[in-house]
Amino acid sequence: MSTVPSDQLTDVPAEQVAAESARRRTIAVISHPDAGKSTLTEALALHARALREAGHVHGKSGRAGVVTDWQDMEKQRGISISSAVLQLDHRDTVVNVVDTPGHADFSEDTYRALTAVDAVIMLIDAARGMEVQTRKLFGVCKQRGLPVITVVNKWDRPGQEALALLDEVESVTGLRPTPVTWPVGIAGDFRGLLERSTGGYVKYTKAPGGATLAVEQRMDAAGAEAVEGEAWRQAVDEHELLEATGADHDEDEFLGFRTTPLFFTAAVANTGVGQVLDALVDIAPSPRDQRDVGGEVHPVTSRFTAQVFKTQTGMNPAHRDRLAFARIHSGVFHRGMTVRDDRSGRPMVLKHVQTVFGSDRSTVDVAWPGDVIGLVNARHVNVGDTLSENGRTAYPPLPVFAPEHFRTVRPKDLGSGKQFRQGLRELDAEGVVRVLTSDSRGDGEPVLSAVGALQFDVVQYRMTHEFRSPVLFTELPFTTARIIDRKDAPLLRAHRGCEVVENAEGRVFALFTDEWRVRSFERDNPDVTLEQLVATS
Ligand code: GDP
């Protein structure tokens with residue numbers, strides 16, 4: 001973080017903004033549950049210097065998490081609810097790791113985290129390869145053209161062959177893997193890494209006495225052959241094979257979403273993690289100039305702009321309030337500055353801006369492009385809003401991800417109407433679920449839609465504990481939705497197996513029981529446009 005006092009920041013030279021932006025990397029780790037996302041994140045933090053942490057990396061037992069009532073549920077269900085932004089400092093580079101919350105299931109919130117980053121680490125388990133949640137999250141990266149660094153984890157455990165994993169990554173993602181490190185020893189017999197750029201060897205030995213960092217020993221090829229024999233020769237053969245097929249890292253190909261640099265790790269032993277951290281500094285992109293909704297380019301050096309990608313209430317019982325997380329796209333943030341929200345048109349003074357470190361919070365005085373700031377109790381700020389110093393900038397709205405689960409909801413206790421409505425409004429604004437209204441429903445019950453079914457458990461938990469209004473759900477038979485024009489609503493309402501609903505922003509959706517019915521409607525009504533939502537599968 002810069003130490004420049006905030007009262008001197010009204011006119012920061014563009015060169016300083018450019019320099020601060022250039023030394024930032026804002027990334028997320030995507031993976032299937034249990035592949036080792038938390039372990040890798042902690043290992044990265046161990047190699048770097050953790051500057052600060054907003055929210056927390058999901059606190060499983062034995063980890064330094066925050067004690068909140070969220071954790072009850074995390075413990076019970078093994079799911080992570082609060083999002084985290086972990087800030088690391090490595091080789092004079094600030095790495096912002098935006099957490100993609102979600103364990104057994106994902107919510108829209110998980111996918112939205114990917115709208116706030118410039119690149120991702122796609123973490124896969126060496127035995128399990130490209131699992132279903134990884135594929136879904138990758139789909140969003142593809143849609144956004146986010147550069148992907150692949151990490152094959154758990155190489156200390158029996159798993160697939162390295163070359164077979166490369167094939168799998170390539171056939172599923174369409175990206176050509178360009179390994180930066182190559183394992184010496186098969187999965188389950190992880191001896192060390194051949195560093196492909198130098199041809200040198202890094203040997204890892206378990207630290208005595210259970211110390212966390214494995215002991216690292218560097219040697220040249222001759223030394224490696226003497227120590228590892230056949231395992232080294234096999235690694236060299238495979239490395240040469242990769243070289244012959246042109247599978248070497250190329251920055252333009254990586255940034256152009258055609259290749260994915262690939263690493264091997266045993267995150268639990270911190271093996272190979274240093275090379276991943278170096279890659280974030282050396283090859284991951286820094287914040288890019290963004291286009292606003294009208295297509296105009298806003299350089300990172302222009303006046304302060306940020307976009308809100310997440311809101312959350314009640315993260316900590318000691319501070320039961322609402323935080324809105326915004327990713328800075330341009331300019332410098334300084335505490336006390338006045339910005340305008342593009343949607344509401346309201347000016348606001350950004351005084352209470354914080355990061356959350358464990359259960360403590362610290363006030364942010366200065367932040368730069370790529371950083372994430374948490375606005376405290378900014379009640380009128382919603383997900384997708386642009387905050388700008390010039391008062392005019394508006395970035396395109398965040399994508400709406402395709403829901404696959406639908407239920408009606410009603411309060412268990414009819415007397416809790418006010419809390420019920422307020423709770424649903426907040427959960428809708430946070431993107432935990434979408435709250436939809438349907439005028440064809442005689443009972444007037446709202447319809448909830450979710451990307452993952454586990455979100456309904458989160459709704460029940462929060463409605464009960466936070467909003468004091470336990471709820472009852474009724475499952476609906478729909479599996480897919482399309483955005484429609486309001487004028488077409490009567491046609492769709494009349495269609496079998498279809499219901500028309502509306503969200504809080506006045507967008508109209510048609511819900512269908514299955515894709516077959518969507519296609520049959522399209523065949524019968526070629527003039528009606530059914531707009532797809534961003535698919536996650
Ligand atoms: P997440 O659900 O993706 O965040 O996964 P975790 O980081 O919680 O890891 C899931 C389990 O895999 C935990 O028991 C970890 O200790 C274990 N694990 C993570 N990385 C490795 C690894 O490199 N090798 C081995 N053997 N186990 C690992």
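Just so you know, all these numbers are worked out from the coordinates, no wet-lab data involved. Model, not experiment: these values are computed from the prediction. Backbone-built Cβ (ideal geometry, glycine too); neighbour counts: all protein chains shown.
A few points about this structure:
- Distance between the pseudo-spin-label points of residue 502 and residue 525 (7 Å out from Cα toward the beta carbon): 1.7 nm.
- Under 13 Å of direct C-alpha separation, and excluding same-chain neighbours fewer than eight residues apart, residue 206 reaches these aspartates and glutamates: 156, 189, 216.
- Over the chain, relative contact order from alpha-carbon pairs under 8 Å, at least 6 apart, %: 14
- Compared with the alpha-carbon gap, the fully stretched path from residue 453 to residue 516 is longer by 20.5 nm at 0.36 nm per residue.
- Summary of packing: across the peptides 19-29, 509-519, the per-residue average of other C-beta atoms within 10 Å ranks them, highest first, as 19-29, 509-519.
- Ellipticity estimate at 222 nm from DSSP helix runs (n ≥ 4, -39,500 (n - 2.57)) divided over the chain, nearest 500: -7500 deg cm²/dmol
- The slack between residue 226 and residue 418, meaning 0.36 nm per residue of separation minus the straight C-alpha distance, is 61.7 nm.
- Within the straight-line cut-off of under 27 Å between alpha carbons, the lysines reachable from residue 203 are 37, 154, sequence neighbours fewer than 8 places apart in one chain being disregarded.
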